[in-house]
Every structure is written in C-alpha cells, then in structure tokens.
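K.L.:
Got a structure for you, written out below as structure tokens; questions coming shortly.
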C-alpha cells in the first residue's frame, strides 16, 4: 500500500514522490536553463558561497507563475495534495565537489555547524540587523524540491518529525500575538532552543533523488544539505526549489 503524501508529511516532515515523466521533462528543461544561469559571471559573483562550492541561486530560474520553463509545464504527483498557488522564480541550488569549504568571513563555529549539522535550518526565518537576529519574514506554505542532476553527493537532509517541535515552540513564541505581528517578534533564542531539541529527538534522514522524482517538505521542517562526502561524481548536484508564501499568515502555524 502506497503511503499518502499527507501521512508522510505528518509523520516524517517530508514526502519523496516517485519518478514521473512530466517531472522529468521539466527537470531536463530546467537543467538547461540553470546551466545558462551558472555560466553568467554576474550570477556567479552574486551567488557563489563557501569557496565556490555552493551556488545559492535564490529566484534564479526563469520560470513563469505556474512553474513552466521555455513552454514546458510543471506538473507532478504533488498536485491535489498541496494548495495550488502562483509560483516565484525557483531557487537554483547547486552544490559542487568539496562542499563545504570555509569562506574567509565565516567563523570556525559556523563552518563546523555546516559540516556537522548540515547547516540545518527552518526556511522563512531571516536574519535582520547588525546582530543578525531572526524574524519570520517569509511564512511559506510548502517546499517543493526537484532534482535536476543524477548526483547522490551532498543530499538534502530532513530531521523527521521536526515540524511538530517547531510548531510547538512557535505557538509559545507567538502566543497572544495577532498573525500580523509575528514578523516583528525576535524569535532567535526560541528557534535555537527548538532546533537543539530537534537534534536531540529527531532522526536526520538523507534524501537522495534522481531527476523525475520530487520531494515535498513540511513548511516547518528542519532541513539542510550534507557535505559532499566520498564518491566519483564530478557533475554538480543541482536542485530547484519552490517555496510559495501562505495566503493567510495564521495558517503557517495552524494548518496541518
């Protein structure tokens, strides 16, 4: 019996979806478009990090609002299981052999966290101000990842069940506050405490996929990217990510 997407999201914070011909066609087109983006010196200057081993690529893919690229539509097995909504230009996340190297301005502690904890994070919390305090500025509805290359190195890592720990922590953080004010509340400390609890209680799971597959992440999941590790792959690991924003901010905590 095939597990329902909703059940996988509820129990494991993510759902890996089977290969699909339409998704594969989109991935091939997106890879070609992404390769052009990667070859642009201006984009390289803007997005290469960690000793040029990670191309961050926020909003870098040239898709339209329904996800299509060069006339190839975005359609797949997630449809009907997550709310359909207009899509932003996808992130083009590209990891190269040797990831992560240490940037000159990166502290030893931050680099160690990236290597040992896969830079585990919650999407939507942005650093604000000179002290880099965290605020909920982008309440996402869901996260869709689509691999564009067949490279097992540096896979996505998801802490299974982490979304419920995060939900509980932020219910406390935002208690008594209207959703319109959530983005003005400094959540740095409660977030770090909740993430520490996730590390103690939740199992990290590597998610290795090939083009044509896809993954849905729960919007409250803690996730990251594993170091490159051993292997013969020389082609970069390339993934496209969509993270549309919630229509109603209150649903960021209250929806399943």
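The values are calculated or read from the model by the stated rules, or taken from the named source; none is laboratory data. Remember, predicted model here, so these are calculated numbers, not experimental data. Please note: Cβ atoms are built from the backbone with ideal geometry, for glycine as well, and neighbour counts cover all protein chains shown.
K.L.:
Just to be sure, is residue 224 surrounded by fewer than 21 Cβ atoms within 10 Å (Cβ to Cβ) and either over 21 Å from residue 164 (Cβ atoms) or modelled with pLDDT under 95 (or both)? Show your work before the answer.
P.N.:
Values: surrounded by fewer than 21 Cβ atoms within 10 Å (Cβ to Cβ): yes; either over 21 Å from residue 164 (Cβ atoms) or modelled with pLDDT under 95 (or both): no.
When the stated conditions are applied, residue 224 does not pass them.
Rundown of residues vs (1) surrounded by 18 or more Cβ atoms within 10 Å (Cβ to Cβ); (2) more than 17 Å from residue 245 (Cβ to Cβ), yes/no style:
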position	(1), (2)
106	no, yes
111	no, yes
115	no, yes
131	no, yes
136	yes, no
151	yes, yes
163	yes, yes
171	no, yes
176	no, yes
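K.L.:
Name every residue in region 17-36 that is farther than 30 Å from residue 163 by Cα and buried (at least 16 other Cβ atoms within 10 Å of the Cβ), in order of residue number.
P.N.:
25, 29, 31, 33, 34
K.L.:
Additional query: Assess whether residue 52 counts as being under 20 Å from the mean Cα position of the chain (by Cα), over 26 Å from residue 218 (Cβ atoms) and free of Cβ contacts under 8 Å to residues at least 24 places away in the same chain.
P.N.:
It is false that residue 52 is under 20 Å from the mean Cα position of the chain (by Cα), over 26 Å from residue 218 (Cβ atoms) and free of Cβ contacts under 8 Å to residues at least 24 places away in the same chain.
K.L.:
Something else about it: Could you list, ordered by first residue, the pairs with Cβ atoms under 8 Å in which the first is in region 79-94 and in a strand (DSSP E or B) and the second is surrounded by fewer than 12 Cβ atoms within 10 Å (Cβ to Cβ), at least 6 apart or interchain?
P.N.:
91/59
K.L.:
A further question follows. Identify all residues within region 37-65 that are part of a helix (DSSP H, G or I) and either buried (at least 19 other Cβ atoms within 10 Å of the Cβ) or in contact with a helix residue (DSSP H, G or I) (Cβ under 9 Å, 6 or more places away or on another chain) (or both); write none if there are none. Before the answer, list the steps.
P.N.:
First pass over region 37-65, keeping only residues part of a helix (DSSP H, G or I): 37-38, 41-47.
Once the filter is applied, which keeps residues that are part of a helix (DSSP H, G or I) and either buried (at least 19 other Cβ atoms within 10 Å of the Cβ) or in contact with a helix residue (DSSP H, G or I) (Cβ under 9 Å, 6 or more places away or on another chain) (or both), region 37-65 yields 37, 38, 43, 44, 47.
K.L.:
Turning to a different aspect of this structure: Could you check region 144-218 for strands (runs of 3 or more DSSP E) lying wholly inside it with 1 or more residues that are touching a helix residue (DSSP H, G or I) at 6+ places or on another chain (Cβ under 6 Å)?
P.N.:
Numbers: elements: 156-159, 204-207, 214-217.
Strands (runs of 3 or more DSSP E) meeting the threshold: 156-159, 214-217.
K.L.:
Which of the residues that make up region 7-16 are surrounded by fewer than 21 Cβ atoms within 10 Å (Cβ to Cβ) and either outside any helix (DSSP H, G or I) or in contact with a strand residue (DSSP E or B) (Cβ under 6 Å, 6 or more places away or on another chain) (or both)? Explain how you work it out, then say what you get.
P.N.:
Step one: list which residues in region 7-16 are surrounded by fewer than 21 Cβ atoms within 10 Å (Cβ to Cβ), which gives 7-8, 10-11, 16.
Of everything in region 7-16, those that are surrounded by fewer than 21 Cβ atoms within 10 Å (Cβ to Cβ) and either outside any helix (DSSP H, G or I) or in contact with a strand residue (DSSP E or B) (Cβ under 6 Å, 6 or more places away or on another chain) (or both) turn out to be 8, 16.
K.L.:
Name the residue, out of 89, 100, that is touching a helix residue (DSSP H, G or I) at 6+ places or on another chain (Cβ under 9 Å), crowded, with 16+ Cβ neighbours inside 10 Å and more than 20 Å from residue 162 (Cβ to Cβ).
P.N.:
The unique qualifying residue is 100.
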